[in-house]
1. Past 18 Å, Cα to Cα, is the threshold; run Lys218/Lys450; Lys426/Lys450; Lys490/Lys548 against it and keep the listed order.
2. Can you give the direction-averaged projected area of the convex hull of the alpha-carbon atoms in region 249-289, in nm²?
3. How would Asp467, Asp568 line up by accessible area, probe 1.4 Å, largest first?
4. If packing is taken as the average number of other Cβ atoms within 10 Å across a peptide's residues, how do 256-265, 385-394 rank, most packed first?
5. Share of region 199-253's accessible area from carbon and sulfur, percent, 1.4 Å?
6. Which loop trypsin sites (Lys or Arg not before Pro) in region 426-495, with loop taken from DSSP, have no more than 15 other Cβ atoms within 10 angstrom of their Cβ?
7. Within region 293-386, what whole-number % of the accessible surface is contributed by carbon and sulfur, with the 1.4 Å probe and all protein chains included in the calculation?
8. Determine how many Å³ per residue the convex hull of the Cα atoms of region 184-339 encloses.
Amino acid sequence: RRASTRAAAVIVNPDLTNDVFDAPNATRASPDSDVNGDIAPDLMKQEANGASESPLSEAPETVVEPVKRAKGEKKAAAAANGAPKSRNDEDGYDPEAEGEEEVGEEEVKAALSRPPPVNSDYLPLPWRGRLGYACLNTYLRNSNPPVFSSRTCRIQSILDHRHPLRDPSQPEHATKNRPDKDQPADIERGRRYVEALCLANVKDIIKMVRWNDKYGIKFMRLSSEMFPFASHEEYGYKLAPFASEALAEAGRVVAELGHRVTTHPGQFTQLGSPRKSVIDNSIRDLDYHAELLSLLKLPEQSDRDAIMILHMGGIFEGKQETLQRFRENYKGLPQFVKNRLVLENDDMGWSVHDLLPICEELNIPLCLDFHHNNIVFDSSQIREGTQDIIALYPRIKATWDRKRIRQKMHYSEPTPAAITAQQRRKHNPRVATLPPCPPDMDLMIEAKDKEQAVFELMRTFKLPGFDRINDVVPYTRHDDNKVALALVAKKNTKAAKKKRESAADEGEESPEPEMVDDNEVGMGGPEGRVYWPPGMEEWLRPKKREVKAKKETVAEKSPAQVKKEAADAYAKFEANKAAAKA
């Protein structure tokens with residue numbers, strides 16, 4: 001892989017440095033779901049009880065698993081410990097509450113007594129649409145080198161990299177050649193550091209799109225964290241001109257292969273909030289996403305289809321008051337942001353019936369999320385399930401047709417053990433079926449296992465491309481050069497060179513390690529071994545060495561046995577000593 005000369009010294013591989021890590025939102029099934037730590041085992045998460053004013057203000061810290069508390073106890077404990085108040089506390093929107101709080105017996109009984117869902121038996125087969133996944137590819141993320149577009153860092157890392165390296169003539173090293181804070185800081189140098197991460201993210205988009213195309217996936221959500229802190233109030237920056245060429249090249253590949261890309265700003269981007277700081281942050285974030293998509297330079301229809309999905313967010317004072325603030329703030333948005341903005345029903349308080357009228361009023365497309373609709377819906381008009389919502393399909397589609405944007409829908413399923421509405425918010429790693437959508441729909445599968453959830457559907461329903469996918473070999477990769485490079489390094493040792501020289505004298509030649517072409521690294525090999533069974537993501541990584549415990553330790557022996565063995569050893573030593581003297 002060739003890197004630009006000005007970014008050549010920056011480490012962008014998270015396996016080689018602690019400064020670079022996975023942005024949490026990219027490992028979620030959707031921006032409002034929980035983090036899937038199995039995708040990137042060393043993922044840095046934000047501490048649950050120490051959430052900052054905004055996810056753009058500070059980088060996340062490492063967090064241990066939270067202790068399960070009864071409802072309301074978590075916030076009380078946080079306040080007692082002096083933790084800062086979270087945006088979620090005030091906005092009434094806690095995306096990380098899924099499965100963390102224990103539920104009472106009455107709540108479970110109430111959930112079990114709700115009317116059973118009424119689901120449609122229609123399957124959109126034969127399938128002619130496009131299935132997609134969000135932000136991160138589990139197979140490529142675990143390749144060597146890793147391929148993903150959500151590298152991020154702490155703001156402190158950017159500030160540190162304003163200082164020159166201890167030895168500027170050598171590339172950066174995680175421990176041996178770090179920034180020297182005793183040297184003067186240069187803002188431009190820190191900017192080049194974060195730009196190197198950004199360009200590495202954009203470059204990997206091309207690899208991800210080509211990988212998707214090989215296996216029949218033509219729809220993907222781009223990570224909002226491709227450009228770390230781009231919409232930050234103090235440390236934000238424009239993407240042009242430094243990323244213009246790289247994004248245009250990524251857009252050229254997307255257009256060439258006929259794929260669709262979209263974005264989904266995070267849960268803190270809310271245009272209905274009564275707080276000016278939240279509105280200002282939201283507008284900057286929407287501007288950033290619109291610039292990202294515009295710089296892809298896609299063909300006219302593909303560019304129109306490159307949308308930004310947004311939730312209405314929290315309910316402040318009341319739904320009508322929140323909707324009125326949204327109207328006022330929406331009207332003040334730049335036209336290039338309005339052109340891409342799409343609203344989605346959520347699983348916290350905004351149903352399809354709540355949002356459809358304002359979408360029709362303001363000419364905003366409405367994205368139907370089936371999973372959310374099963375949790376939050378107007379029970380006076382429809383029943384839970386996929387059957388009744390079909391009656392609203394014409395009105396929903398009309399919101400897209402008016403702006404000549406190709407419609408998309410979202411689909412996911414709750415975990416099997418979920419009972420209450422709060423528990424059912426949590427996304428299952430994979431989905432079992434297709435929703436009753438039109439067979440030519442662009443359907444985003446919001447599941448923790450990302451592209452593997454799409455593969456599961458392709459295999460289940462024999463969708464186009466299913467025959468290209470084969471199971472991975474556990475703990476083994478045949479599409480990278482890790483083993484070959486290790487053999488090359490081993491061959492360069494003195495002992496190996498001496499062995500080769502003696503073999504050459506005898507007329508024997510050792511074969512050279514076979515290297516995989518750079519374009520084929522991480523692509524699954526000729527057999528397409530890219531599918532891993534549910535729960536077996538560890539198969540994507542080398543097997544951990546098992547350290548066998550000793551059969552018997554001194555602590556397990558009785559005192560008498562230890563004393564006897566010591567006496568025998570001493571007697572043997574004395575006998576040897578006497579024999580040597582004789």
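1. With Cα atoms farther than 18 Å apart: Lys490/Lys548.
2. 3.5 nm²
3. These residues rank, largest area first, as Asp467, Asp568.
4. In decreasing order of mean packing, 256-265, 385-394 become 256-265, 385-394.
5. It is 54 percent, rounded to a whole number.
6. Taking region 426-495 and a limit of 15 other Cβ atoms within 10 Å, the loop trypsin sites (Lys or Arg not before Pro) found are Lys462.
7. In region 293-386, the share of accessible area belonging to carbon and sulfur is 45 percent.
8. Given the Cα convex hull of region 184-339, per-residue volume reads 121 Å³.
The values are calculated or read from the model by the stated rules, or taken from the named source; none is laboratory data. Being a predicted model, the structure only gives us computed values, none of them experimental. Methodologically, a virtual Cβ is constructed for each residue, glycine included, from the backbone with ideal geometry; neighbour enumeration extends over all protein chains shown. Remember, those area values only see protein heavy atoms, side chains included, never the ligands or the DNA or RNA. Shrake-Rupley method; radii C 1.70, N 1.55, O 1.52, S 1.80 Å.
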